[in-house]
Amino acid sequence: MNKISVIKYRAALAIMLLCGAIMLLPHTPAIYREHEAVFIKSASTSKASVARAHGETPPVPRFVPLSQSQIMRLSDFNYLTSNIFLAAPNTILLESDIDVQELLNKDLSIDTTIEGSQILIFHAHSMEMFEDSDPSDPMTGVFGVGAYLAEILEERHGISVKHYMGRFDVVEGRPHRPGSYERLEPVIKQILADNPSIQMVIDLHRDGVGPHVAPMVTYINGKRTARIMFVNGLSRQYRDGEIRPVQWLPNPYRRENLALSLNLQLVANQLYPGLTRRIYLLPFRYSLHMTPLSILLEVGAQNNTFQEALNAMHPTANIIAAVILADRA
């Protein structure tokens, strides 16, 4: 065997050994990696990019302050519980929770002149996907929707956004939703401590509905758009005719949360009628207790398409901006 043949033989042998070693390494699909400390500015996959680029950028409508007659109607508790809020059977909204004038007058603005990120977006349930999502591509699920919302808030409204893509519903490489909120708390609190410029957090989900429920859609600017829903945690259970505080899960920002979701809902109803479902009230606190301006946002459900969810992000960003920017642009 000549010298050149020996070199080729050794090179081929080295490649074979390297490939064999790689095959023996433990492999966890990217979609199941736990607590990836990843912050992104926008979706990175071609599928998400193509979907985001679909259609023209819609205009930003302007919010008109409520009239006195509209405010008077909102002061009717029966109207609120029939048209604005929907309480789960195991909790209850009390008249003492809702002072409409107080909630409408609450200062919900953020300071966009502060250096650093002003909004944090994360996902308690990162595994939530849509009807046509690619299971191997997490950016075609709520991760991609969160990335697009961050992009719009930054580019169209001048709000600096940090998007965290840690996985709280994955344990030891496997999907595991129970305990997600307990696992996220220390992580999100640390992010807030490390980034004191953050003034609002958005926990972005997609809802899960029964098999016979039709996709929740509306049409905005001619596009088929997933409906959205704001969720509040009351830290209060209603059982056997009794109201029982959930004392082990206190939410010191319950009133601030209610003020934020109410203002978002009213702006949405004016700018995009039919986009929002009623504000859903649940008995626990979820991820809404770590800062006063906290949103738990449900975008569509599992039977909506990824594109329908993305189409909801322009109006959602406009609604958020109308509430938290001082001039209600």
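Taking only the C-alpha atoms of the stretch 149-204, Rg followed by Dmax gives 13.4, 39 Å.
Heavy-atom accessible surface of Ser69, to the nearest 10 Å², is about 80 Å², with a 1.4 Å probe and all protein chains retained. The C-alpha atoms of the stretch 224-313 occupy a region whose extents along the principal axes are 42, 25, 23 Å, arranged from largest to smallest.
Once Rg and the Kirkwood radius are both taken over the C-alpha atoms of the stretch 125-233, their ratio Rg/Rh works out to 0.97. Largest accessible area first, the residues Lys189, Lys106 order themselves as Lys189, Lys106 under a 1.4 Å probe with ligands, DNA and RNA left out.
Cross-link reach is defined here as a Cα-Cα straight distance under 13 Å, omitting same-chain residues fewer than 8 places apart; for Lys106 the aspartates and glutamates meeting it are Glu256.
Over the stretch 116-169, what portion of Cα pair distances is larger than 14 Å, expressed as a whole percent? Don't jump to the answer; show the numbers that get you there.
Numbers: 747 of 1431 pairs.
Tail of the P(r) past 14 Å holds 52 percent of the pairs.
Sorted largest first, the principal axis extents computed over the alpha-carbon atoms of the stretch 170-263 equal 43, 43, 36 Å. The alpha carbon centroids of the stretch 204-231 and the stretch 277-329 are separated by 12 Å.
The values are calculated or read from the model by the stated rules, or taken from the named source; none is laboratory data. It should be emphasised that the depicted structure is a prediction, and the values quoted were computed from it without experimental measurement. SASA here: full protein model, heavy atoms, side chains in, ligands and nucleic acids out. Shrake-Rupley method; radii C 1.70, N 1.55, O 1.52, S 1.80 Å.
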